[in-house]
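Student: First the structure, then my questions, so here it is.
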Amino acid sequence: MPSCGHLAYYDFSNGPFGLTEYCTHMDFLNYHHLRYFWVVAKEGGLRKAAEKLRVSQPTISAQITALEGVLDEKLFRRGGRALTLTEAGQHVFTYAEEIFSIGEDLLNSVNQRPTSRPLRLRLGVADALPKLVTYRIIEPIFRLPQPVQLSCWETKVSDMLVELAAYRLDVVLADEPVSSNVTANVFNHFLGECGVTFFAEPRLAAKLKRGFPQSLNGAPALLPMANTGLRRSLEKWFQATGIRPRVAAEIEDPAFVNVLALHGLGFMAVPTLVAKEIVTRFGFRAIGRPQDCQQQFYAITPERKLTHPAVLAITSQTRAALSD
């Protein structure tokens, strides 16, 4: 078989015996040839492989010969009627096993069938969402039949939209929808909404609970930043009720809000979805629940139709939980 000093590509469009060789200046592997080799190695011979692939034995033999020419290695040795793998053949077979296993998983994943590989979820989380809320939203993915490998980023939604539109993220969780003015090709999926409860450390909570909500007038408040959905909802309620708390701090990170509140520096607003956990985990006490003050939740995706199994689990079960 002629050689060009580099690996060659063989065109079988004229049949397995009408080989046309193209010299290349880059490595090229014909996966059709590799699959024939893989089946022969798994079946232990040409006859069984030919039956499985429904082609003739000479066809398979020619394709394996072409693969050996590209790799410049003998892959099988004959022992009577049997074929056994050479050392190089064993090495190639190991790679072929992984390659075709991944290929099968790809087909299963695209067709929403279970696969043997962990399901990858690339998740973006708006930094305004409390960690406990994020966990409650994504918790269903860890109960899926297929194991999930989660990669999670937390930052501003605006910083994640480019990654989302380029399919480098599967979904972004946020407390408000992406504006229609955004040029990135992304889609909002409303998950639901829940009420808000005011919490503080026990001594401050006991003081503010008496005479609520008027007791909040002049009380130190630990508020989210002005550009968040929860802050806008709170401001709307404050204005409607005439309540004027003293803004002790505006904080971007909800986890830091918890730290300040634990030290008695003010009261905070928490989605009622995680009210019980706030009490059991941190020892906070409820002050009261403002009426008509809601926090909303959205899943933002690069596709209008949801197909990713983990994203479907998040959206369906969060909607069910928030509708209770």
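Student: Only helical DSSP H runs with n ≥ 4 go in: add -39500 (n - 2.57) per run for the chain, normalise by residue count and round the 222 nm mean residue ellipticity to 500 deg cm²/dmol.
Tutor: Numbers: 11 runs with 130 residues, N = 324.
After summing the helix terms and dividing by the residues of the chain, the value is -12500 deg cm²/dmol.
Student: Specify the angular offset, from 0 to 90 degrees and rounded to the nearest 10, of the alpha carbon long axis of helix 87-110 from the longest principal axis of the alpha carbons in the chain.
Tutor: 40
Student: While we're looking at this one, here's another question. How large is ³J(HN,Hα) for each residue in region 263-268, as worked out from phi by the Karplus curve 6.51 cos²θ - 1.76 cosθ + 1.60 (θ = phi - 60°), to whole Hz, x for Gly and Pro?
Tutor: 3J(HN,Hα) across region 263-268, in whole Hz: 8, x, 8, x, 9, 9.
Student: Continuing with this model, one more query. Over what distance in Å are the Cα centres of region 268-284 and region 217-259 separated?
Tutor: Using only Cα atoms, the two centres lie 16 Å from each other.
Student: Skipping prolines and chain starts, which residues have an amide H placed within reach, meaning under 5 Å, of the one on I287, given they are 5 or more residues away or on another chain?
Tutor: Hits under the 5 Å cutoff: F198, F199, A200.
Student: If you don't mind, another one. Tell me, S323, S151, S215 in order of fewest to most beta-carbon neighbours within 10 Å?
Tutor: Listed from fewest to most nearby Cβ atoms, that is S323, S151, S215.
Student: For Cα extents along the principal axes in Å, one of [x] 58, 56, 37; [y] 95, 38, 31; [z] 54, 46, 39 was computed from the structure I shared and the rest are decoys. Which label?
Tutor: Computed from these coordinates, Cα extents along the principal axes in Å corresponds to label [y].
Student: Quick one: order L121, L262 by neighbouring beta-carbon count within 10 Å, fewest to most.
Tutor: Values: L121 22, L262 13.
Starting with the residue having the fewest Cβ neighbours, the order is L262, L121.
Student: Within the chain, what is the longest stretch that has no chymotrypsin sites (Phe, Trp or Tyr not before Pro) placed in a DSSP loop and near at most 11 other beta-carbon atoms within 10 Å?
Tutor: Working: sites that count: F17, Y167.
That gives 168-324 as the longest site-free run.
Student: I've got another one for you. Helix 31-43 versus the longest principal axis of the chain: what angle, 0 to 90°, nearest 10, using Cα atoms?
Tutor: Approximately 80 degrees, to the nearest 10.
Student: With +1 on each Lys and Arg Cβ and -1 on each Asp and Glu Cβ, and nothing else charged, work out how big the dipole of region 208-270 is about its Cα centre, in Debye to the nearest 20. Please list the in-between numbers first.
Tutor: Values: 7 positive and 4 negative charges, 67 e Å.
That gives a dipole near 320 debye.
Student: In the chain, if the dipole is taken from +1 on Lys/Arg beta carbons and -1 on Asp/Glu beta carbons about the Cα centre, which of Q239, V148, A249 is farthest to the positive end?
Tutor: Q239
Student: Still on this structure, please answer the following. Based only on other Cβ atoms within 10 Å, what is the fewest-to-most ordering of H33, H263?
Tutor: H263, H33
Student: Next question. Taking the Cα centre of the chain as the origin and placing charges on Cβ (Lys, Arg +1; Asp, Glu -1), which of P58, V270, A226 is farthest toward the positive end of the dipole?
Tutor: Comparing the listed Cα positions along the dipole, V270 ranks first.
Student: Would you mind calculating the relative contact order of the chain from Cα pairs under 8 angstrom and at least 6 residues apart, reporting the percent as a whole number? Walk me through the numbers before you get to the answer.
Tutor: Details: 530 pairs, mean separation 59.7, N = 324.
The normalised contact order for the chain reaches 18 percent.
Student: Also, I was wondering about something else. Placing unit charges on C-beta atoms (Lys and Arg positive, Asp and Glu negative, everything else neutral), compute the dipole magnitude of the chain about its Cα centre in debye, rounded to 20.
Tutor: Numbers: 35 positive and 31 negative charges, 271 e Å.
Charge dipole, the chain, about its Cα centre: 1300 debye, nearest 20.
Student: Right, something else. Can you check what the Kirkwood hydrodynamic radius comes to for region 172-302, Cα pairs only, in Å to one decimal? Working shown, then result.
Tutor: Numbers: mean 1/r = 0.0650 Å⁻¹.
Mean inverse Cα-Cα distance, inverted, gives 15.4 Å.
Student: Oh, and also: List the residues whose amide H sits under 5 Å from the amide H of A249, counting only those 5 or more places along or on another chain, with H placed 1.01 Å from N in the peptide plane.
Tutor: Answer set, sorted by chain and number: A221, L223.
Student: Please turn the phi angles of region 298-303 into ³J(HN,Hα) values with the Karplus equation 6.51 cos²θ - 1.76 cosθ + 1.60 (θ = phi - 60°), one per residue in order, whole Hz, x for glycine and proline.
Tutor: The phi angles translate into 9, 10, 10, 10, x, 10 Hz.
Student: For region 145-210, run through the trypsin sites (Lys or Arg not before Pro) and keep only the ones in DSSP coil with at most 12 other Cβ atoms within 10 Å of their Cβ. Intermediate values should be presented prior to the final figure.
Tutor: Working: sites: K156, R168, R203, K207, K209, R210; in loops: K156, R168, R210.
Taking region 145-210 and a limit of 12 other Cβ atoms within 10 Å, the loop trypsin sites (Lys or Arg not before Pro) found are R210.
Every number in this text was worked out from the coordinates using simple rules, so none of it is lab data. Predicted model only: the values in this text are computed from it and were never measured. Glycine gets a Cβ as well: all are built from the backbone with ideal geometry, and neighbour counts include every protein chain shown.
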